[in-house]
Amino acid sequence: MSAVFVTFDDVSLAYDGSGNAIEDINLSIHEGEFVAFVGPSGCGKSTFMKLCTGLHAPTTGAVRVDGEPVTGPLKISGMAFQNANLLPWRTTLDNVLLPLEIVKPYRHQFRKRREEFVGWARKLLKTVGLEGYEDQYPWQLSGGMQQRASICRALIHQPRLLMLDEPFGALDAFTREELWCVLRDLWEAQRFTVVLVTHDLREAAFLADTVYIMSRRPGR
């Protein structure tokens, strides 16, 4: 079995005046594992994801990624959400390239290595079936195509940890299941670690190695 990559030790998080969102979480995620969290709305699924990536700090306990305490936003993670959130003034290709303009160390190399990075983006877009749409703007793409581009954007800087917050929730059933296969193929090829948050038990069972069912708030 691969090494432990993400660890939660007795983690709880309380928002101001509203009690714990999650409580006494203890778990380990191995490198290259695909993990899904399923539960009712408000149970803390998205909170768990934000703790993993350093967007929130726990009230008690400790979160570690690759053996190091998480003390701020992780540069080794990529994220995709229910809404693709593509920038409307940028083409599909330029939206995918965006993290390389922002994330260290790539942002300091972007101008010099732009041609190489464009090659990375085109390869990803081809993998998810968007070859030929590189110069299209978000309003020219269907919802499913936008979500494919969003996944490419999350993967372009070659993260070791991919966080997915209900990325297929707004799509029709046919498109959703098609994208399950796209994501599974990408994961099989690259074996990055994935944490998926979803309401859909079928989605979790199809995609993930391990499925955690969370209780109502506070999530456990």
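The values are calculated or read from the model by the stated rules, or taken from the named source; none is laboratory data. As the structure is a computational prediction, the values presented were derived from the model and not from experiment. Cβ: placed from backbone, ideal geometry, glycine included. Neighbour counts: every protein chain shown.
Values as computed for the structure displayed
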| read-out | value |
| --- | --- |
| Residues located in the stretch 144-190, provided they are modelled with pLDDT under 90, part of a helix (DSSP H, G or I) and polar (S, T, N, Q) | THR175, GLN190 |
| Which numbered condition GLY132 fails, given (1) in contact with a Phe, Trp or Tyr (Cβ under 9 Å, 6 or more places away or on another chain); (2) farther than 20 Å from CYS52 by Cα | (1) |
| Count of residues meeting criterion [small (Gly, Ala, Ser) and in contact with a helix residue (DSSP H, G or I) (Cβ under 6 Å, 6 or more places away or on another chain)] in the stretch 47-86 | 4 |
| Unique residue being closer than 18 Å to MET214 by Cβ and surrounded by 15 or more Cβ atoms within 10 Å (Cβ to Cβ) when the list is VAL103, VAL96, VAL38, VAL65 | VAL38 |
| Pair list, Cβ under 8 Å, 6 or more apart: the stretch 176-205 residue surrounded by 15 or more Cβ atoms within 10 Å (Cβ to Cβ), other residue assigned to a helix (DSSP H, G or I) and polar (S, T, N, Q) | LEU179/GLN147; VAL182/THR127; LEU186/THR127; VAL197/SER46 |
